[in-house]
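Beneath this line is the structure, given in C-alpha cells, with notes to follow.
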Amino acid sequence: MSKVYDLHSHTRASDGEFSPSQLVAHAAAQGVDVLALTDHDTTDGLAEAATEAQARGLTLVPGVEVSVTWMKATVHIVGLGVDAGNTELQTGLAGLREFREWRGGEIARRLEKAGIPGALAGAQAYANGRILSRTHFAHFLVAQGHASTVRDVFKRFLVNNKPGHVPGAWAELEQAVQWITAAGGQAVVAHPARYKYTGAKLRRLLGEFLDVGGVAMEVVSGSHSKDDVMNMGNHCRNLGLLASVGSDFHGPSNPWCGLGRVAPLPGGCVPIWSQWSFES
Ligand code: AMP
Ligand code: MN
Ligand code: MN
Ligand code: MN
C-alpha cells in the first residue's frame, strides 16, 4: 500500500495555527503516514511533534523552511531530514530570526505612517512570543477591519509597493543549502510556481540550486494549480531533481489545501522519499 506523504507544514512555532501535537494529531486523522514539519526559520516545534508522532505511529520528518533572498526577491528552501542539534543550521536560523525581529518593527513603523498604529504589539499578540511573521500582521489587520481576509491584507498592505512592505534580507541561496546539508538534510525548493517566474528564470534558480548542492523541488504544493504541477513536473524531470510533495498547511484558515490533501506526483518524477531508509 502506498503511503500518504505531506512534506511541508507549519505550527505555532512559526505562523501556523496548531501546536505541534495538534498538527500531528490532525495529520493522523487525515490519513497522513509521513509528515514533515517545516516551520519558517525555526526548529522549535520538532521535539513536541516527534513525541506525538511516536505515540500515534506516524513518521515525522524533521524539517525547516528557510527564508532566502535570491535576485532581490524571497524564495523559500525547505530542509528535510535535518538534525535540529546542528550548530551551523541553528546559527544560520538565529540570524534570520534576528532580521525578522527588526523587520517586524519596520513593518509597524511603515503601517503607522500609513495611519495604522499599534501593529507591532498587535502582531506580537498573535505570534505569542514566537517567530514574528507577516501572517501575524495579517491577522491583526483583519481583526482591525482593514481587510476582510488574510489574502486581501497581503495584496493591499504587505507586498511590494504597498504601505507595510519591507524588502527581505534573508539568507543567500548557497548559505541556506549549506546549513541544511551540514545538518544532514536534503534541500528542496518550496512552492516554485508561487514565484511567478518565467521558465528561463526558474531554470536559472533551479540550476544555481543544483550547483550549490540542492537536490529536490516541490512539484506538488498546496498552492500549485493542476497546470503548475504539470509544468513543475517537467522542470523536475528535465533537470534531474527529486520531487517533493507538501500541502504547506498552516491551519484551518489556511489559504492553500488541507493537510495531506495533496495531488499525486506526475509520472516520471522520482519522489524524494524513494531514497529514504524507512521505505526499504
Ligand atoms: P514572512 O516569512 O513573515 O515574510 O511571511 C510569509 C508567510 O506569509 C508565508 O509563509 C505564508 O504563510 C504567508 N503568505 C504569503 N503570501 C500570502 C498570501 N498572499 N496570502 C496568505 N498568506 C500569505
Ligand atoms: Mn507561512
Ligand atoms: Mn513558503
Ligand atoms: Mn511553508
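The values are calculated or read from the model by the stated rules, or taken from the named source; none is laboratory data. It should be emphasised that the depicted structure is a prediction, and the values quoted were computed from it without experimental measurement. Here Cβ is always computed from backbone atoms with ideal geometry, including for glycine, and neighbour counts include all displayed protein chains. Each accessible area value is taken on the protein alone, full model and side chains, heavy atoms only, with ligands, DNA and RNA left out. Shrake-Rupley method; radii C 1.70, N 1.55, O 1.52, S 1.80 Å.
Evaluate the following for residue 97: is it in a helix (DSSP H, G or I) and more than 29 Å from residue 50 (Cβ to Cβ)? Answer is no for this residue.
The condition of being crowded, with 18+ Cβ neighbours inside 10 Å, touching a strand residue (DSSP E or B) at 6+ places or on another chain (Cβ under 9 Å), part of a loop (DSSP other than H, G, I, E, B) and not charged (D, E, K, R) holds for only one of 14, 67, that being 14. Is it the case that residue 20 is within 18 Å of residue 127 (Cβ to Cβ), in contact (Cβ under 8 Å) with a residue 24 or more places away in the chain and either more than 15 Å from ligand 1 (Cβ to nearest atom) or surrounded by fewer than 19 Cβ atoms within 10 Å (Cβ to Cβ) (or both)? Yes: the conditions hold for residue 20.
Could you tell me which residue of the range 224-259 is farthest from ligand 3 (Cβ to nearest atom), considering only residues that are surrounded by 17 or more Cβ atoms within 10 Å (Cβ to Cβ) and more than 27 Å from residue 184 (Cα to Cα)?
Kept after step one, since they are surrounded by 17 or more Cβ atoms within 10 Å (Cβ to Cβ), are these residues of the range 224-259: 224, 228-229, 231-233, 235-236, 241-251, 254, 256-257, 259.
Of the ones still in play, those that are also more than 27 Å from residue 184 (Cα to Cα) are 224, 228-229, 231, 251, 254, 256-257.
Working: 224: 12, 228: 14, 229: 17, 231: 18, 251: 14, 254: 12, 256: 10, 257: 14 Å.
So the residue we want is 231.
Any residue at all in the range 117-124 that's away from ligand 3 (no atom under 16 Å from the Cβ), over 17 Å from residue 16 (Cβ atoms) and among the polar types (S, T, N, Q)? No. Just one of (1) in a helix (DSSP H, G or I); (2) open to solvent by 30 Å² or more (accessible area, probe 1.4 Å); (3) in contact with an Asp or Glu (Cβ under 7 Å, 6 or more places away or on another chain); (4) within 16 Å of ligand 1 (Cβ to nearest atom) trips up residue 76, so point out which. For residue 76, the failing item is (1). For the range 43-61, residues that are touching a strand residue (DSSP E or B) at 6+ places or on another chain (Cβ under 7 Å) and in contact (Cβ under 8 Å) with a residue 40 or more places away in the chain total 3. Taken residue by residue, the range 142-150 has no member that is surrounded by fewer than 18 Cβ atoms within 10 Å (Cβ to Cβ), within 29 Å of residue 92 (Cα to Cα) and more than 9 Å from ligand 1 (Cβ to nearest atom). Applying the criterion of being assigned to a strand (DSSP E or B) and within 16 Å of ligand 2 (Cβ to nearest atom) to the residues of the range 239-267, the residue that is nearest to residue 204 (Cα to Cα) is 246. Among the residues making up the range 167-206, those that are within 16 Å of ligand 2 (Cβ to nearest atom), part of a loop (DSSP other than H, G, I, E, B) and open to solvent by less than 10 Å² (accessible area, probe 1.4 Å) are 190, 191. All of (1) out of contact with any Ser or Thr (no Cβ under 6 Å at 6 or more places or on another chain); (2) buried (at least 22 other Cβ atoms within 10 Å of the Cβ) hold for residue 47 with one exception: (2). Taking (1) under 19 Å from the mean Cα position of the chain (by Cα); (2) assigned to a loop (DSSP other than H, G, I, E, B) in turn, residue 163 satisfies each apart from (1). Listed by first and then second residue, the pairs linking a residue in the range 201-221 that is at positive phi to a residue that is open to solvent by 10 Å² or more (accessible area, probe 1.4 Å), with Cβ atoms under 9 Å apart and 6 or more places separating them unless they lie on different chains, are 213/174; 213/178; 213/181. Only one entry in 42, 38 is open to solvent by less than 40 Å² (accessible area, probe 1.4 Å), touching a Lys or Arg at 6+ places or on another chain (Cβ under 9 Å) and within 16 Å of ligand 1 (Cβ to nearest atom), namely 42. Checked against the criterion of being of a type outside the set (D, E, K, R) and either surrounded by 15 or more Cβ atoms within 10 Å (Cβ to Cβ) or within 16 Å of residue 11 (Cα to Cα) (or both), the candidates 94, 119, 114, 55 yield just one match: 119.
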